Ligand code: 4NP
């Protein structure tokens, strides 16, 4: 099993969206028994909450139901359990590296490193922005999810 963890700040907007989009892609490729995914936040503000209603609605418009997820905080043992820890932005990437046990840093990546033809390093936080910010998040995550699955196929399958 290849285990993937998507990480943002609150675990109610970007990383739950990534978990849902990536799950749909993995299921569509009939790899559900081979690749597993989860999401978490570096901050504790929203532990136990479902994804933001705006993220839920935007994902559902693309056929992705993320309503049953529950926010949790990233834990030190996640660095052992998961093969990929994917930060949605540079701030969270830095935070992850600051708590990563020594020798496991190679598992920590920026999500957008797997995107094709994108200059940006960070998925913008849509929480305070609103508007089409949630669509932008989905566009970026759909792109990077494809590259991520290709990387998994190349390295692990
Ligand atoms: P996320 O968005 O990191 O994509 O889940 C945020 C959600 C909540 C807050 C910040 C970002 N907040 O400050 O409460």
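In table form, for the structure just shown:
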read-out	value
Any hit, the stretch 120-131, residues being more than 14 Å from the ligand (Cβ to nearest atom) and under 21 Å from residue 149 (Cα atoms)	yes
Set 146, 107: member being surrounded by 14 or more Cβ atoms within 10 Å (Cβ to Cβ), under 15 Å from residue 6 (Cα atoms) and without any contact (Cβ under 8 Å) to a residue 60 or more places away in the chain	107
Unmet requirement for residue 109, which otherwise passes all of (1) assigned to a loop (DSSP other than H, G, I, E, B); (2) closer than 23 Å to residue 147 by Cβ	(1)
Residue selected from the stretch 78-88 under the condition touching a helix residue (DSSP H, G or I) at 6+ places or on another chain (Cβ under 8 Å) and surrounded by 21 or more Cβ atoms within 10 Å (Cβ to Cβ), by the criterion nearest to residue 61 (Cα to Cα)	88
Filtered residues of the stretch 1-15 (kept if within 13 Å of residue 127 (Cα to Cα) and either in contact with a strand residue (DSSP E or B) (Cβ under 7 Å, 6 or more places away or on another chain) or more than 13 Å from the ligand (Cβ to nearest atom) (or both))	8, 9, 10, 11, 14, 15
Residues that are in contact (Cβ under 8 Å) with a residue 60 or more places away in the chain, within 17 Å of residue 11 (Cβ to Cβ) and touching a strand residue (DSSP E or B) at 6+ places or on another chain (Cβ under 8 Å), drawn from the stretch 80-104	81, 82, 84, 85, 86, 87, 88, 89, 92, 96
Test set (1) away from the ligand (no atom under 12 Å from the Cβ); (2) part of a helix (DSSP H, G or I); (3) under 12 Å from the mean Cα position of the chain (by Cα) - residue 79 fails condition number	(3)
Selection count where residues are in a helix (DSSP H, G or I), within 23 Å of residue 31 (Cα to Cα) and in contact with a helix residue (DSSP H, G or I) (Cβ under 6 Å, 6 or more places away or on another chain), scope the stretch 112-137	2
Subset of the stretch 22-73 [in a strand (DSSP E or B) and within 15 Å of the ligand (Cβ to nearest atom)]	38, 39, 40, 41, 73
First in the stretch 117-141 and within 15 Å of residue 19 (Cα to Cα) and in contact (Cβ under 8 Å) with a residue 60 or more places away in the chain, second anywhere and part of a helix (DSSP H, G or I) and more than 10 Å from the ligand (Cβ to nearest atom), Cβ under 6 Å, 6 or more apart	123/140; 134/54; 134/58; 138/58; 141/21
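FYI, it's all coordinate maths here, none of it is from the lab. Small disclaimer: the values here were computed from a predicted structure and weren't measured. Note that we place each Cβ from the backbone using ideal geometry, even for glycine, and neighbour counts take in every protein chain shown.
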